[in-house]
1. Between the stretch 95-119 and the stretch 126-141, what is the C-alpha centre distance in whole Å?
2. Mind running the shape call on the stretch 43-189? Use the C-alpha gyration tensor, a ≥ b ≥ c as the square roots of the eigenvalues: rounded below 1.5 for a/c, prolate if a/b tops b/c, oblate otherwise.
3. Once amide H atoms are placed 1.01 Å from N in the peptide plane, what residues at a sequence separation of 5 or more from GLY86, or on another chain, have their amide H within under 5 Å of its amide H?
4. Per residue of the stretch 13-28, what does 6.51 cos²θ - 1.76 cosθ + 1.60 with θ = phi - 60° give for ³J(HN,Hα)? Whole Hz please, x for Gly and Pro, Karplus curve as stated.
5. Over the chain, calculate the relative contact order: mean separation of alpha carbon pairs under 8 Å at least 6 apart, over the residue count, as a percent.
6. Sort 24-31, 130-137 by the packing proxy (mean of other Cβ within 10 Å over each peptide's residues), most packed first.
7. Once you've got the Cα coordinates, tell me which of LYS43/LYS75; LYS24/LYS103; LYS49/LYS75 are over 25 Å apart.
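All of the numbers you see were taken from the coordinates with simple rules; none came from a lab. Since we're looking at a predicted model, the values are computed, not measured. Every residue, glycine among them, receives a Cβ derived from its backbone with ideal geometry; neighbour counts consider all protein chains shown.
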Amino acid sequence: MVNLVLFGPPGSGKGTQSVKIAEKYKLVHISTGDVFRREIRAKSELGLKVQSIIEKGELVSDDLLIQILENEIKKYPDAQGFVFDGFPRTIRQAEDLDKLMAKMGEKLTVVLSLTVNDNEILQRLLKRAEIEGRKDDTREVIENRISVYNAQTQPLIDFYKAKGILTDVEGIGSIDEIFSHLCAVIDAH
Ligand code: AMP
């Protein structure tokens with residue numbers, strides 16, 4: 001199995017790139033943000049529980065995340081591997097993911113970290129807000145998501161560097177350029 005984590009700040013392009021990677025390598029793409037948006041649209045119990053948290057740009061609790069991830073993974077018993085997009089976002093989630101992988105007799109192949117500076121991110125997300133109208137793309141919420149990222153998710157970079165499985169990829173350039181850099185890293189593993 002090939003199990004990838006695509007890691008990066010909000011607006012780094014990880015969603016777009018994850019879809020392309022999943023398609024090329026025939027992997028299952030799991031975006032926890034997409035799962036939440038789907039549940040909110042369906043007004044499910046989970047959706048109602050997480051809606052206000054997401055609209056504020058805060059993180060949903062770690063306990064819920066690992067359950068959701070496990071449920072998603074179980075839907076694809078024949079998968080050749082996974083691309084995790086927007087997960088993990090905390091050290092606790094990363095540790096839970098390691099345990100889950102071990103339980104499956106698997107491990108993470110590589111963590112791809114898309115690097116984009118804060119100013120570029122803010123501009124991209126404001127632009128996306130105009131196009132997609134996501135509720136968590138207002139300036140105030142975007143600024144909160146960037147600071148939540150810096151406080152809670154950024155520490156994962158050192159966590160994965162210490163394990164020797166993280167590779168930085170510049171997240172600025174055309175979609176195809178960035179995609180080919182990501183593929184070069186995946187192909188080297
Ligand atoms: P995303 O589409 O990845 O930007 O996720 C949208 C929102 O869903 C985030 O701002 C969080 O509120 C929530 N979310 C998604 N993934 C996670 C996660 N791994 N841990 C906690 N909250 C998450």
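1. The two parts, judged by their Cα centres, are 27 Å apart.
2. Values: a/c = 1.66, a/b = 1.12, b/c = 1.48.
Verdict is oblate for the stretch 43-189.
3. Result for GLY86 returns LEU6.
4. x, 5, x, 4, 5, 4, 4, 5, 5, 4, 5, 5, 9, 6, 10, 8
5. Details: 252 pairs, mean separation 62.7, N = 189.
Across the chain, relative contact order equals 33 percent.
6. On the way: 24-31: 17.1, 130-137: 13.0.
Most protected by this proxy first, the peptides run 24-31, 130-137.
7. Working: LYS43/LYS75 21 Å; LYS24/LYS103 27 Å; LYS49/LYS75 22 Å.
Checking Cα-Cα distances, LYS24/LYS103 exceed 25 Å.
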